[in-house]
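A quick write-up on the structure given underneath.
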Amino acid sequence: MPLTSLPGGGDLPEVVTIGVSVSVPEPYGSEIQDARAGHGDPLARSIPTHVTLLPPTEVPAGRLPVIGEHLAAVARSHRPFRMLLQGSGTFRPVSPVVFVRVEEGAHECRLLEAAVRSGPLARELAFPYHPHVTVAHGLAADVLDEAYEKARTFQAAFTVSGFGISRFDADAVWRPWRTFGFGG
């Protein structure tokens with residue numbers, strides 16, 4: 001599906017907020033999302049479980065065809081890789097985030113992130129890129145401590161065969177838009 005219209009039809013707004021990520025497959029995605037909701041994270045059900053490659057980025061809708069071509073070229077130049085999510089980490093005190101660590105596949109994610117965040121998607125980041133899967137964000141310190149402890153035993157291994165672009169809709173929910181498989 002091209003990035004020139006919404007799935008099911010409909011016009012795009014003049015500016016679209018997009019993100020690019022590796023999806024965490026089932027059953028792991030739901031398990032992390034359930035944990036996030038269990039910690040009281042209000043964003044738990046509005047953000048599919050993922051490893052970010054491009055954080056929320058506003059782009060003019062007219063640039064979406066070029067962005068789609070760019071992402072397709074990036075995907076063609078990469079190959080599937082194994083990802084192992086294991087254990088917990090945190091960005092505190094810099095940012096109130098607890099996450100599951102990317103133990104295997106981090107190098108590949110860094111290469112993908114650099115390729116995605118180039119050309120029509122070149123932009124500066126607020127923090128250095130660190131692949132991870134968020135478990136809790138912006139919650140009270142004791143809740144973040146609990147999330148950190150509970151995530152310590154999490155483990156998931158799977159093959160990453162591509163990445164996807166999502167859009168942030170008017171209802172404040174992130175929705176997958178299109179996937180790009182590796183190797184064409």
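The values are calculated or read from the model by the stated rules, or taken from the named source; none is laboratory data. All values derive from a computational prediction rather than experimental measurement. Cβ coordinates were reconstructed from backbone atoms using ideal geometry, including for glycine residues, and neighbour counts include every protein chain displayed.
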- request: Search region 24-41 for residues that are farther than 19 Å from THR52 by Cα and touching a residue at least 60 places away in the same chain (Cβ under 8 Å) and pair each with any residue that is of a type in the set (A, V, I, L, M, F, W, C) and part of a helix (DSSP H, G or I) when their beta-carbon atoms are under 7 Å apart and the residues are at least 6 apart or on different chains.
  value: HIS39/VAL143; HIS39/ALA147; GLY40/VAL143
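Residue by residue, here is whether (1) on the phi > 0 side of the Ramachandran plot; (2) touching a Ser or Thr at 6+ places or on another chain (Cβ under 6 Å); (3) at pLDDT below 95 holds:
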{"position": "TYR28", "(1), (2), (3)": "no, no, no"}
{"position": "GLU31", "(1), (2), (3)": "no, no, no"}
{"position": "ASP34", "(1), (2), (3)": "no, no, no"}
{"position": "ASP41", "(1), (2), (3)": "no, no, yes"}
{"position": "ALA44", "(1), (2), (3)": "no, no, yes"}
{"position": "THR49", "(1), (2), (3)": "no, no, no"}
{"position": "LEU53", "(1), (2), (3)": "no, yes, no"}
{"position": "ALA61", "(1), (2), (3)": "no, no, yes"}
{"position": "ILE67", "(1), (2), (3)": "no, no, no"}
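Identify, from the list GLU104, GLU108, the residue that is under 15 Å from ALA75 (Cβ atoms) and in contact with a strand residue (DSSP E or B) (Cβ under 8 Å, 6 or more places away or on another chain).
Details: GLU104 fails: under 15 Å from ALA75 (Cβ atoms).
Among GLU104, GLU108, only GLU108 is under 15 Å from ALA75 (Cβ atoms) and in contact with a strand residue (DSSP E or B) (Cβ under 8 Å, 6 or more places away or on another chain).
Considering region 116-163 alone, what residues qualify as being over 25 Å from SER88 (Cβ atoms), in contact with a strand residue (DSSP E or B) (Cβ under 9 Å, 6 or more places away or on another chain) and small (Gly, Ala, Ser)?
If we filter region 116-163 for residues that are over 25 Å from SER88 (Cβ atoms), which is where we start, we get 116-124, 161-162.
After this cut, where a residue has to be in contact with a strand residue (DSSP E or B) (Cβ under 9 Å, 6 or more places away or on another chain) as well, the list is 116-117, 120-121, 123, 161-162.
Of everything in region 116-163, those that are over 25 Å from SER88 (Cβ atoms), in contact with a strand residue (DSSP E or B) (Cβ under 9 Å, 6 or more places away or on another chain) and small (Gly, Ala, Ser) turn out to be SER161, GLY162.
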query: How many residues does region 39-63 contain that are under 21 Å from ALA75 (Cα atoms) and within 14 Å of the chain's Cα centre (by Cα)?
result: 10
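Could you list all residues from region 100-135 that are among the small types (Gly, Ala, Ser) and within 29 Å of ALA35 (Cα to Cα)?
Within region 100-135, the first condition is being among the small types (Gly, Ala, Ser), and the residues that meet it are 105-106, 114-115, 118-119, 122, 126.
Hits for region 100-135 are GLY105, ALA106, ALA126.
Rundown of residues vs (1) closer than 22 Å to VAL143 by Cβ; (2) of a type in the set (A, V, I, L, M, F, W, C), yes/no style:
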position: ARG45; (1), (2): yes, no
position: THR57; (1), (2): no, no
position: LEU64; (1), (2): no, yes
position: ILE67; (1), (2): no, yes
position: MET83; (1), (2): no, yes
position: GLY87; (1), (2): yes, no
position: ARG92; (1), (2): yes, no
position: PRO96; (1), (2): yes, no
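Whether any residue in region 9-23 is more than 28 Å from GLU104 (Cβ to Cβ), outside any helix (DSSP H, G or I), acidic (Asp, Glu) and out of contact with any helix residue (DSSP H, G or I) (no Cβ under 8 Å at 6 or more places or on another chain) is what I want to check.
Step one: list which residues in region 9-23 are more than 28 Å from GLU104 (Cβ to Cβ), which gives 9-17.
Within this subset, residues satisfying the condition of being outside any helix (DSSP H, G or I) are 9-17.
Those left that are additionally acidic (Asp, Glu): 11, 14.
If we keep only those that are out of contact with any helix residue (DSSP H, G or I) (no Cβ under 8 Å at 6 or more places or on another chain) as well, we get 11.
The answer is yes; a qualifying residue exists.
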- line: With criteria (1) over 17 Å from the mean Cα position of the chain (by Cα); (2) surrounded by 13 or more Cβ atoms within 10 Å (Cβ to Cβ), ASP169 comes up short on (1)
statement: Per the list (1) under 16 Å from TYR129 (Cα atoms); (2) of a type in the set (S, T, N, Q); (3) buried (at least 19 other Cβ atoms within 10 Å of the Cβ), residue check on SER95 breaks on (3)
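What strands (runs of 3 or more DSSP E), lying completely within region 33-111, carry at least 1 residues that are within 21 Å of ASP169 (Cβ to Cβ)?
50-60
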task: State whether the residues of region 144-154 include one that is among the β-branched types (Val, Ile, Thr), surrounded by fewer than 18 Cβ atoms within 10 Å (Cβ to Cβ) and modelled with pLDDT of 95 or more.
output: yes
query: Is region 124-137 home to any residue that is free of Cβ contacts under 8 Å to residues at least 40 places away in the same chain and in contact with a helix residue (DSSP H, G or I) (Cβ under 9 Å, 6 or more places away or on another chain)?
result: yes
